[in-house]
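Read the structure below first, then the notes.
The values are calculated or read from the model by the stated rules, or taken from the named source; none is laboratory data. The model shown is predicted, which means the values in this text are computed figures rather than measured ones. For neighbour counting, all protein chains shown are included, and Cβ atoms are generated from backbone atoms with ideal geometry for every residue, glycine included.
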Amino acid sequence: MDSRETQAFNKGVRAALASERLLACTKAFLRFIEDECVKFNFYDLVEVREYLGDSIVGQAQAVIAEVEGRPTPADDPLLGWPIAGLFRDLDRRDYSVLKAAGIVTFEDLLKRTSADLITVDGFDQWDIDRIANELGKADLELAVPEGPPAVDHPIYGQPFETVLTGATKRVLDVLRGAGIATVQDLLGWDGEELLSLYGFGPDSLACVDEGLRRYGLALAEDAQKETTAAA
């Protein structure tokens, strides 16, 4: 290796070491800011966004993205920010299961639909409603499904009660008595068939329709009509 190659090699090594040090320092800085957000109980996402609006935070996020070869974060610093500690109704376990599902930042969260979140271990519609409410205060919202979940989506294997949080015990008992156990089982019925069940009336059907609609789902007859209309 001649002197020029040696100099180039040494320059490359120094640059790599500098990048690693810069990355470590920048990440440490952002962890400090994250801890401050949790420490001061910043549950108001608008306040968090204003706090993160400091250009230093945005620059730090951009530096980390560049060194790691990732796309530069969006203009809104909140999108690239961890969600941990920023929802008053979620506890450590909730954040742990969200992380296990690949949901770490607000950008990760906003890519999910209600159908995605309802399949997260331990989550129910109550949790989703509160997350959606907090996001709404910052003009953010969960992803809106363009159609029913993919055929291999885990929501179909969930107990049918999961999507019918507004149903009474009587309605749930009637459906169980008809042999319905999962969401997929429920979707195999149409409205007329459900209305033929003893103790299941129009109000019960409306409750089922509303519950399914939250997740982009519909009973057999309604789903067929929607498919025909779309064609």
Exactly one of Arg31, Arg4, Arg49 is at pLDDT 75 or above, charged (D, E, K, R) and either more than 21 Å from the chain's Cα centre (by Cα) or not assigned by TED's automatic domain parsing to the domain that holds Gly122 (or both), and that one is Arg49
Scan the range 154-173 for residues that are without any contact (Cβ under 8 Å) to a residue 40 or more places away in the chain and either surrounded by fewer than 19 Cβ atoms within 10 Å (Cβ to Cβ) or among the charged types (D, E, K, R) (or both) and report the count. 9
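Would you check if Ala24 is surrounded by fewer than 12 Cβ atoms within 10 Å (Cβ to Cβ) and at pLDDT 70 or above? Reasoning before the result, please.
Numbers: surrounded by fewer than 12 Cβ atoms within 10 Å (Cβ to Cβ): yes; at pLDDT 70 or above: yes.
When the stated conditions are applied, Ala24 passes them.
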In this structure, does Ala150 turn out to be exposed (fewer than 14 other Cβ atoms within 10 Å of the Cβ), at pLDDT below 95, part of a loop (DSSP other than H, G, I, E, B) and of a type in the set (A, V, I, L, M)? yes
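Among the listed residues Ala115, Ala100, which satisfies the condition of being at pLDDT 90 or above, surrounded by fewer than 13 Cβ atoms within 10 Å (Cβ to Cβ), out of contact with any strand residue (DSSP E or B) (no Cβ under 8 Å at 6 or more places or on another chain) and not β-branched (Val, Ile, Thr)? Before you say what the answer is, go through the steps one by one.
Details: Ala115 fails: surrounded by fewer than 13 Cβ atoms within 10 Å (Cβ to Cβ).
Exactly one of Ala115, Ala100 is at pLDDT 90 or above, surrounded by fewer than 13 Cβ atoms within 10 Å (Cβ to Cβ), out of contact with any strand residue (DSSP E or B) (no Cβ under 8 Å at 6 or more places or on another chain) and not β-branched (Val, Ile, Thr), namely Ala100.
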